[in-house]
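Reviewing the structure listed below.
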Amino acid sequence: MHMVQLLAQLQAGSVDPLWCAGSIIDVQPGPTMHQTAPVASVTEGDTVIFDVNGEKQAFVTVKKTGKVKVGKQQCSLQPIIGQPYGSIYQVSADTSELVRFKRPRTSEWTSVEEVNKDNSELLDIGAASQQLSTDDIAALRASGKTGEEIVAALAEGSATFQGKTQFSQAKYKKKKQKKYTVSATIQRPTARSICEAYFGKSSPKINHLRVDSLAMLLSLANIGSHGKVLVLETCSGLVTGAVAERLGGFGHVCTTYLGDKCPPLEATRMLNFSDSIKQSMSTAPLAALFEYQAQATADESPATVNTARQAEELIEAQVDGQAEQPNEGQPERQLNGQPEQPRQHQQEAGSPIGLSLQHQQVAGMNGACMRGLLDANSEQPQPSVLTGLSCSLQPETGVAEAPIDRREQVRRMKEQREAQSAATQKLLKAVCKTGFDCCIVAAPSNHPTGVVKKLLPLLAPSASFAIFSNWQQPLAECHLALQQSKQALNLTLAESWWREYQVLPARTHPTMSTSGTGGYILSGTKISS
């Protein structure tokens with residue numbers, strides 16, 4: 001549209017100003033942006049977080065025939081399929097099924113009517129203050145009364161309820177609602193929600209990494225789109241998933257590990273990543289990355305003068321699903337309509353799996369590094385097939401072929417993995433030659449000084465890094481070692497601080513219980529030696 005015509009229509013009010021702004025700057029989202037946009041509704045096969053009464057979180061894989069325990073009832077997952085994230089459900093008293101409902105607007109933000117009243121005249125006389133007995137409450141439940149009706153009956157039967165202040169009455173009702181009214185909220189699994197669920201449920205699995213510390217790691221390491229990120233972690237894949245979520249399919253994240261056994265990365269499977277994001281993830285042992293770096297340096301020739309641009313093009317080609325297949329005649333996708341695969345070769349479509357490499361130092365790899373990325377019902381691949389490196393397969397395209405025998409199917413799967421292994425190996429060689437842009441270390445069980453000494457040669461000059469630990473002393477020793485070796489500058493050792501506040505009229509205050517510390521983070525920038 002011509003600029004003069006656009007301005008004339010804008011003055012006449014026939015064109016939306018927001019549309020005009022998008023037209024002037026020519027905002028055209030690419031195909032990858034559409035692929036990485038989160039789905040607004042729950043689909044079968046997704047992993048969701050069931051938040052029960054805001055106190056208990058559970059990871060659930062959605063299936064039509066699946067069930068979940070809400071309160072004391074086993075409920076089918078069928079009603080939540082196709083519903084938007086954030087929906088609230090209650091258990092029906094008649095059919096024991098999940099029923100969606102809209103939470104009524106709370107009156108907590110209304111004006112406070114009572115300011116001088118207190119609870120000093122109340123006497124705690126125990127069970128005698130309640131007229132309803134346990135049998136009466138059970139009879140109300142048996143008659144099909146809802147939780148709200150039971151709470152109202154309890155408030156009416158309480159001898160001290162009317163003497164309580166307005167705040168105490170609200171607290172009394174809220175406490176009884178959690179007991180007699182069980183509600184579940186369907187949350188979208190994100191890096192933050194998964195971190196909060198793990199921190200409250202089983203924090204040792206993520207090394208007590210709090211959500212604010214995770215956010216500081218991503219910020220201090222300068223994680224952004226089109227970046228080449230190196231991650232070494234033992235937090236069940238939480239850091240890797242958070243990095244991949246922030247990259248959004250633009251760039252590459254390589255999870256490395258010491259030795260020949262990768263720690264579990266189960267959190268990456270819970271994030272419901274799109275195919276483009278899965279293709280931007282890979283795992284490789286640290287020894288393999290050093291070998292790639294040595295090979296790339298040895299293979300350098302005048303024909304490859306711009307290795308940085310070459311690495312970026314390879315990453316973009318992998319994101320777009322156009323990575324070059326080195327072997328001719330290899331299948332480019334998985335096939336549908338095939339008989340059941342052997343359990344040792346089953347995997348989810350588009351999920352990262354292990355690939356074969358010719359490395360002597362990782363020949364004993366047993367494939368356990370990918371047990372967090374495979375389907376929960378599949379077994380680990382055989383050691384002779386998966387060693388050392390992993391990346392993602394091309395997504396299924398719905399093309400059906402005639403059934404083939406199991407041996408032919410296994411052969412094709414092996415050829416497919418080898419082709420993808422070669423493509424990822426070529427990509428990592430280019431990245432290792434130019435160096436990684438960012439680095440995050442979240443493995444408190446390893447001393448940071450030795451880890452950083454091994455990882456710094458793989459980083460490009462001016463690369464940012466961030467190291468997490470639950471203790472201050474190891475990071476202080478690493479800080480001193482980096483200062484003395486003059487390998488980094490802008491070194492900062494900080495402790496994360498997080499405290500929630502209750503913000504309500506006339507009763508705003510910090511929460512009474514909180515975690516003591518979120519750990520310590522050492523950050524800095526590598527300088528060229």
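The values are calculated or read from the model by the stated rules, or taken from the named source; none is laboratory data. Small disclaimer: the values here were computed from a predicted structure and weren't measured. Note that each Cβ is placed from the backbone with ideal geometry, even for glycine, and that neighbours are counted across all protein chains shown. Side chains included, ligands, DNA and RNA excluded: accessible areas come from the protein's heavy atoms. Shrake-Rupley method; radii C 1.70, N 1.55, O 1.52, S 1.80 Å.
Taking all protein chains as they are arranged and a probe of 1.4 Å, the heavy atoms of V182 leave approximately 40 Å² accessible to solvent. Extension gain, Q169 to K69: 0.36 nm times the residue separation minus the Cα-Cα distance gives 33.0 nm. Largest first, the residues E121, E495, E291 sort by 1.4 Å accessible area into E121, E495, E291. Which FRET efficiency value, to the nearest 0.05, is calculated for L491 and K201 with the Förster distance at 41 angstrom and r the Cβ-Cβ distance? The value I calculate is 0.75.
Note on S120 and K261: the model spin-label points, each 7 Å out from Cα along the C-beta direction, lie 6.5 nm apart. As a rough guide to protection, the peptides 446-453, 185-192, 241-248 ranked by mean Cβ packing within 10 Å, highest first, stand as 241-248, 185-192, 446-453.
Net charge near C438, counting Lys/Arg +1 and Asp/Glu -1 over other residues with Cβ under 12 Å of its Cβ?
Result for the neighbourhood of C438: +2.
Ignoring lysines fewer than eight residues from K433 along the same chain, the ones with Cα atoms less than 20 angstrom from its Cα are K228, K453, K454, K526.
Expected output is a single nm value to one decimal: the length gained when fully extending between A40 and Q78, i.e. 0.36 nm times separation in residues minus the C-alpha distance. What is it?
12.0 nm is the gain from fully extending A40 to Q78.
With R₀ set to 51 Å, the beta-carbon distance separating T514 from A142 gives a calculated FRET efficiency near 0.80. Among the protein heavy atoms, those of Y292 account for about 0 Å² of accessible surface (1.4 Å probe, every chain in place).
Judged by the mean number of other Cβ atoms found within 10 Å, the most tightly packed of the peptides 409-415, 271-277 leads the ranking 271-277, 409-415.
Take each peptide in 205-216, 150-161, count the other Cβ atoms within 10 Å of every residue, and average; sorted highest first, the result is 205-216, 150-161.
Please compute the net charge surrounding C235, taking Lys and Arg as +1 and Asp and Glu as -1 over other residues with Cβ under 13 Å from its Cβ. Combined, the nearby Lys, Arg, Asp and Glu give 0.
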